[in-house]
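A short worksheet on the structure shown next.
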Amino acid sequence: MADFNVLAIDLAKNVFQVCKTNSRGKVIYNKSFTRKKLQELLIREPMSLVAMEACGGTHYWARYAIEHGHKVKSMSARRVKAFRQGQKTDANDAAAIAIAALQPQVKSTRLLSIENQCQQGLVRIRELLVTQKVATAKQIRDLLLDFGFPIPKGDSALFGALSEILEDAENSLGMDFRMAIESQRKHLNQLLARLADIDARLATQIKADETCQRLQKLEGIGPVNAIALKLTLNTVEHFRNSREAAACVGVTPIQHSSGGKDKIGSISKSSGCKGLRSTLFEGSMAVIRQLDKREARTTKEVWVKDIVARRGKKVAAIALANKNVRTAYAMLKNGTDYQPSMLAA
């Protein structure tokens, strides 16, 4: 594609702004299209670079453009923002996308197939249900604690305590408040049932997915982490090396370099895949808790125990999560299986 046009699309629901430029960045036009007109444009245009921000609808339009012979570059909105001139308008946004698409240092985000996008949808639904379940249970506990009813951790303990509290007609709870707590208990039950349904559907997907089965052999990687890692790292060509993959997940320390001096900071909580990083950390902590109860059996477990002794459990958990991401990337890139190095008997 020595000489090609750029179709920069500012995505929306029904009306799309398209900025068409040549390969040198000269604007040919910048105007709006309806959904149907945009589909017709992508069909009749010769092979072009279709550029857009990564947002709702990106995967659909990327697949549609590729089906009709175009190249696609989707970019982070934060990267595109640096190229916008003037006020935030659809036309200025489309022009910024066109400029950013021609910059080699602006990386493309990953694109998902329909199968992977459906799996990602299941993971996202599960994450929302878990958030709602935790928030509902915490609210019930906090409200009842103010009435002098401390409730231990755990769902079974919560439901057991609620049965006793709500059945006790002589406690200080008013009738309306009592009914509201009962309604929240039913809501929590519904959330748990829906969560169990999603977990069963995810289990079916994971059981039939050979990549997820291989990833579960890593220490601290269960079914949910396996499918999340697969979705994040499946497009291995998106990363130059394993460190980029780990940085994408957010398990590498932030770096600030100036004047030839490199400063390595801590793990950023605002960057990377927050949900995946959190579950990887919890999986690593589970491994560390098990290692507290037994001797190391592999060289990797010896390495983890050594970090725990020197830096503590949380640092060791992040280090293990980092190593797991890098190992998973190598497994997907090379098509290999994980084989831990066992200690000599």
Highest mean packing first, using Cβ neighbours within 10 angstrom, the peptides 87-95, 192-200 sort as 87-95, 192-200
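Run the accessible area of the stretch 282-341 with a 1.4 Å probe and give the carbon-and-sulfur part as a rounded percent. Walk me through the numbers on the way to the answer.
Details: 1600 of 3340 Å².
Ligands and nucleic acids excluded, carbon and sulfur give 48 percent.
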Quick one: what are the phi-derived ³J(HN,Hα) couplings along the stretch 172-185, Karplus 6.51/-1.76/1.60 with θ = phi - 60°, whole Hz, x for glycine and proline?
7, 6, x, 5, 5, 5, 4, 5, 5, 5, 4, 5, 5, 5
Using Cα positions and a limit of under 19 Å, work out the aspartates and glutamates in reach of K217, with same-chain residues fewer than 8 apart set aside.
D209, E282, E301, D337
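Averaged over every viewing direction, what's the projected area of the C-alpha convex hull for the stretch 111-216? Give it in nm², one decimal, please. Write out the running numbers ahead of the final one.
Working: hull surface 34.3 nm².
Orientation-averaged projected area of the Cα hull: 8.6 nm².
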Once the dipole of the stretch 277-336 is set up with Lys and Arg at +1 and Asp and Glu at -1 on Cβ about the Cα centre, which of T336, V304, I318 lies farthest towards its positive end?
I318
Just want the answer: with Cβ charges of +1 for Lys and Arg and -1 for Asp and Glu, which residue in A200, A157, V249 is farthest toward the dipole's positive end in the stretch 148-296?
V249
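Roughly speaking, to the nearest percent, how much of the stretch 122-279's 1.4 Å accessible area is carbon and sulfur?
Working: 4910 of 9150 Å².
So the carbon and sulfur contribution to the accessible surface is 54 percent.
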Average Cα contact separation per residue, the chain, under 8 Å, 6 or more apart, as relative contact order %
11 percent
Taking H as built 1.01 Å from N, whose amide H comes closer than 5 Å to the amide H of Q17, not counting residues under 5 places away?
D10, F33
I'd like to check one number: the per residue accessible area of the chain, probe 1.4 Å, reported in Å² as a whole number.
57 Å²
Straight distance only, please: which lysines reach the Cα of K26 with their own Cα at less than 21 Å, same-chain residues fewer than 8 apart left out?
K71, K73, K81, K88
Pick from A208, A161, A245 the residue whose mean-square fluctuation is largest in a GNM of the chain, springs joining Cα atoms under 10 Å.
A161
Just to be sure I understand, if you calculate Cα Rg over 2.2 N^0.38 Å for this structure, which of [x] 1.21; [y] 1.25; [z] 1.04 do you get?
[y]
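Hey, which of these cross-link pairs are over 29 Å Cα-Cα: K107/K133; K133/K300; K269/K300? Working shown, then result.
Numbers: K107/K133 37 Å; K133/K300 35 Å; K269/K300 26 Å.
Beyond 29 Å: K107/K133; K133/K300.
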Rank F33, P104, C118 by how far each Cα sits towards the positive end of the charge dipole of the stretch 1-123 (+1 on Lys, Arg Cβ; -1 on Asp, Glu Cβ) and give me just the farthest.
P104
Please report the Cα spread of the stretch 3-118 along all three principal axes, rounded to whole Å, starting with the longest.
39, 29, 28
With charges set only on the Cβ (+1 for Lys and Arg, -1 for Asp and Glu), what does the dipole of the chain come to about its Cα centre, in debye to the nearest 20?
1460 debye
Rg in Å to one decimal, and Dmax rounded to a whole Å, for the stretch 71-159 via C-alpha atoms:
22.8, 63
Picking from S76, S278, S242, which is most flexible by a Gaussian network model of the chain using Cα springs under 10 Å?
S76
Listed by chain and number, the residues whose amide H is under 5 Å from that of M75, excluding neighbours fewer than 5 places away on the same chain and using placed H, are M52, E53, A54, T109
When the chain is modelled as a GNM with alpha-carbon springs shorter than 10 Å, which of L173, L129, L276 fluctuates the most?
L173
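Using only alpha carbon pairs under 8 Å that are at least six residues apart, calculate the relative contact order of the stretch 154-286 and give it in whole percent. Walk me through the numbers before you get to the answer.
Working: 82 pairs, mean separation 23.1, N = 133.
Contact order relative to length: 17 percent.
The values are calculated or read from the model by the stated rules, or taken from the named source; none is laboratory data. What you see is a predicted model, and the numbers here were worked out from it, not measured in a lab. Methodologically, a virtual Cβ is constructed for each residue, glycine included, from the backbone with ideal geometry; neighbour enumeration extends over all protein chains shown. Remember, those area values only see protein heavy atoms, side chains included, never the ligands or the DNA or RNA. Shrake-Rupley method; radii C 1.70, N 1.55, O 1.52, S 1.80 Å.
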